[in-house]
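Structure record follows, encoded as structure tokens.
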Amino acid sequence: MVPEFVDRFLENINSVMVAKPEVLELALVAVLCEGHILIEDVPGIGKTTLAKTLAQSLGCSFRRIQCTPDLLPSDITGIHFFNQKTCEFEFRPGPVMANIVLVDEINRATPRTQSSLLECMQERQVTVDGVTMPLSQPFMVIATQNPVELQGTFPLPEAQLDRFLLKLVLGYPDLENEDTILLRFERSNPLEQVSAVTLASEILDIGRQTREIYIEPSVRRYILEIVGRTRSDPSVTLGGSPRASLALYRASQALALIQGRNFVLPDDVKHLATPVLSHRLILNTEAYLHNTSKEKLIDDILSSLPVPAEE
């Protein structure tokens with residue numbers, strides 16, 4: 001059942017996106033974990049296209065939020081309004097009351113508006129006027145942001161970054177892939193032809209299967225040591241939280257399931273360490289002065305730790 005779902009899903013995404021296979025695999029990891037995705041790259045790379053294709057491939061309700069500085073929290077969560085016909089207050093749900101929510105250019109929303117997503121992303125619920133309502137299951141936020149254009153933007157707070165399961169960076173396509181993009185979009189937009197390949201119930205069922213994937217104690221310890229090193233490294237001001245450890249743990253289970261295994265390998269953990277941890281770290285000033293990137297820091301940590309091996 002799982003291999004069939006993986007093949008259907010990746011084939012559907014590939015019908016629109018010309019992206020690196022590892023990017024699509026990571027997106028599927030987030031789907032199975034019901035984790036949120038932050039897609040960060042320069043304009044024109046296909047961030048929004050990937051998010052919309054991903055959403056349309058899943059048999060779930062989908063809403064899009066276009067972030068601007070004048071966007072209000074009530075524009076996301078919904079409001080209670082007075083219905084003059086019934087002479088009663090009624091709740092008008094906001095776009096967050098959907099399974100898949102695309103938050104486009106999230107860093108253009110003000111901190112007050114960004115904070116309205118915190119409860120939604122972690123507790124899977126929304127509180128409006130003192131009334132708490134559960135969100136639909138599955139629930140997933142796919143946010144995009146442009147790291148280059150800073151005018152009129154508001155950096156995401158650490159508490160919100162920590163709620164994203166992983167960060168995707170698409171990168172520029174090579175010459176051959178860019179030629180494929182030109183031909184694919186020559187006459188029409190293939191996104192218009194994308195249909196759902198699964199149902200919400202199937203996603204939830206496969207998600208439950210990921211939690212049954214076995215992680216050997218030494219591999220679990222390996223995960224904890226990686227995250228622990230991010231806290232003790234002298235170049236880091238803020239390291240990975242326990243939520244980061246759990247994210248790496250769950251993502252490793254999902255990757256093993258996608259690859260047809262019922263157990264996690266240390267290579268799964270190493271493959272996921274950068275996309276799961278990099279956006280959660282804050283480097284100190286000295287690290288920035290020496291052009292130390294978060295990705296290089298994680299690579300150095302992985303190189304310095306012994307990899308668990310079968311006895």
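Specify which of the listed residues (N146, N177, N83, N107) is under 29 Å from G207 (Cβ atoms), out of contact with any helix residue (DSSP H, G or I) (no Cβ under 6 Å at 6 or more places or on another chain) and not charged (D, E, K, R).
Every option except N107 fails the conditions.
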Report summary line: Taking the range 147-171 and the residues there that are part of a loop (DSSP other than H, G, I, E, B) and within 15 Å of the chain's Cα centre (by Cα), the one that is surrounded by the most Cβ atoms within 10 Å (Cβ to Cβ) would be L156
Report summary line: Screening G44, G59 for residues that are assigned to a loop (DSSP other than H, G, I, E, B), in the same structural domain as P147 (by TED's automatic domain parsing) and surrounded by 15 or more Cβ atoms within 10 Å (Cβ to Cβ) leaves only G59
Report task. Consider L26 carefully, then state whether it is within 18 Å of L255 (Cα to Cα), under 16 Å from the mean Cα position of the chain (by Cα), surrounded by 20 or more Cβ atoms within 10 Å (Cβ to Cβ) and not small (G, A, S). Result -> yes
Query raised in the report: If we keep just the residues of the range 222-265 that are among the polar types (S, T, N, Q) and in a loop (DSSP other than H, G, I, E, B), which is surrounded by the fewest Cβ atoms within 10 Å (Cβ to Cβ)?
Result: N262
Requested in this report: Mind counting the residues in the range 110-139 that are out of contact with any helix residue (DSSP H, G or I) (no Cβ under 7 Å at 6 or more places or on another chain) and farther than 24 Å from D70 by Cα?
Outcome: 9
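When you check C60 against the structure, is it farther than 26 Å from E186 by Cβ, at pLDDT below 85 and in contact with a helix residue (DSSP H, G or I) (Cβ under 6 Å, 6 or more places away or on another chain), yes or no? Show your work before the answer.
Details: farther than 26 Å from E186 by Cβ: yes; at pLDDT below 85: yes; in contact with a helix residue (DSSP H, G or I) (Cβ under 6 Å, 6 or more places away or on another chain): yes.
Judged against the criteria, C60 is a match.
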Requested in this report: Identify all residues within the range 12-41 that are aliphatic (A, V, I, L, M), free of Cβ contacts under 8 Å to residues at least 40 places away in the same chain and part of a helix (DSSP H, G or I); write none if there are none.
Outcome: L24
Query - Qualifying residue in the range 210-221 (condition: exposed (fewer than 15 other Cβ atoms within 10 Å of the Cβ), touching a Ser or Thr at 6+ places or on another chain (Cβ under 9 Å) and not polar (S, T, N, Q)) - result: no
Query - Any hit, the range 292-308, residues being in contact with a strand residue (DSSP E or B) (Cβ under 9 Å, 6 or more places away or on another chain), part of a helix (DSSP H, G or I), closer than 18 Å to L32 by Cα and of a type in the set (K, R) - result: no
Query - Flag for E158 being more than 29 Å from L246 (Cβ to Cβ) and either β-branched (V, I, T) or not assigned by TED's automatic domain parsing to the domain that holds L277 (or both) - result: no
Query raised in the report: Does the range 105-128 hold any residues that are surrounded by fewer than 20 Cβ atoms within 10 Å (Cβ to Cβ) and assigned to a strand (DSSP E or B), and which are they?
Result: Q125, T127, V128
Query raised in the report: Quick one: would you say S293 is over 21 Å from the mean Cα position of the chain (by Cα), small (G, A, S) and not assigned by TED's automatic domain parsing to the domain that holds A55?
Result: no
**Report entry** Filter pass, L272 being surrounded by 20 or more Cβ atoms within 10 Å (Cβ to Cβ) and either more than 28 Å from A309 (Cβ to Cβ) or not assigned by TED's automatic domain parsing to the domain that holds L166 (or both)
**Finding:** yes
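The values are calculated or read from the model by the stated rules, or taken from the named source; none is laboratory data. Nothing here was measured: the structure is a model prediction, and the numbers come from that model. Don't worry about glycine lacking a Cβ; one is built from the backbone with ideal geometry, like all the others, and counts go over all protein chains shown.
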